[in-house]
1. Just one of [x] 1.19; [y] 1.04; [z] 1.41 is Cα Rg over 2.2 N^0.38 Å as worked out from the coordinates here. Which one is it?
2. Tell me, 112, 183 in order of fewest to most beta-carbon neighbours within 10 Å?
3. Once label points are set 7 Å from the Cα along Cα→Cβ at both residue 93 and residue 207, what is their separation, rounded to one decimal in nm?
4. For the chain, take the longest principal axis of its alpha carbons; what is the angle in degrees between that and the long axis of helix 198-211, to the nearest 10 within 0 to 90?
5. How large is the direction-averaged shadow of the alpha-carbon convex hull of segment 82-179, in nm²?
6. Only Cα pairs under 8 Å and at least 6 apart count here; give the relative contact order of segment 102-147 as a rounded whole percent.
7. Taking the 0 to 90 degree range and rounding to the nearest ten, how far is the long axis of helix 84-97 tilted relative to the main principal axis of the chain, both from C-alpha atoms?
8. Report, in deg cm²/dmol and to the nearest 500, the calculated mean residue ellipticity at 222 nm for the chain, where each DSSP H run with n ≥ 4 adds -39500 (n - 2.57) and the sum is divided by the residue count.
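Each reported figure results from applying straightforward, stated rules to the coordinates on display, with no laboratory input. Just so you know, these numbers come straight off a predicted model, no measurement behind them. In this analysis, Cβ positions are derived from the backbone assuming ideal geometry, glycine residues included, and neighbour counts consider all displayed protein chains.
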């Protein structure tokens, strides 16, 4: 009898294990499917199409506040819709719900900054201050992670008016340099910019690009640095290099990639710098983003402005797609008018 009970118990245990494994696999598959939907919605959102994000968030109403990525998507949707009040409310809830994750505050820092850009003159400082405090918090939550230490170091430079301690600026910069070479270069650039030490900044920029010449994060930061010191030719070259090395799709880095490619072309258009660099950057954008949206129409228009017609086929395709498929009458009119300028 004892042996029969043992066999039964073993069968029950094995059955329970199979059930657990199957449940885990099903959950993993569901999570994978949800993450793919989130990434697709975000891919549309960065082009200015809010429909996918709106639909997905409505479908996931019951869990969106509990899911880190869905919460980000909800915040970015409200920023795109320019509903600052709702975005602020969601951001505050997001920061309080996911307090142990440094990425919470790294994301929030960028989101607060964007809200500051959109806000009226009397609200800007409040949003920018929240952004600085989010960077400080990211470094406090992950004190041994170089990426977040860099955020905290840079934020410390803002001083007491932003709730920061400027005396920690150098100490935290040195710590980031010791923790990681790549993030150490970014820490050096931040410190050079904050202290107006152009000699050290240029040296760090050159060394960073030489060592990390395919790393988008490094290239984009170096390009921004050259821009701040008015070395526009070098800034354009490095933005174009960053454009050629897109990052993995991670929220605000994709936005920064779009901006890097676009800015390379703006330098061509507004400052007469290397047209080929700007042309190639916009072609890369239009090969990636094909939705009939206002943002993509602007990209197509800029390509037509700087390139010969034979090199602007992607722009023509996008504008014709807008005229054929877009429901926005104002956008259709804009695309039609832009094409008419070619006659």
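1. [x]
2. Working: 112 24, 183 21.
Listed from fewest to most nearby Cβ atoms, that is 183, 112.
3. 4.7
4. Approximately 60 degrees, to the nearest 10.
5. For segment 82-179, averaging the hull's shadow over all directions gives 5.9 nm².
6. In percent, rounded to a whole number, it is 48.
7. So the inclination is approximately 40 degrees.
8. Details: 17 runs with 263 residues, N = 343.
Per the formula, -25500 deg cm²/dmol.
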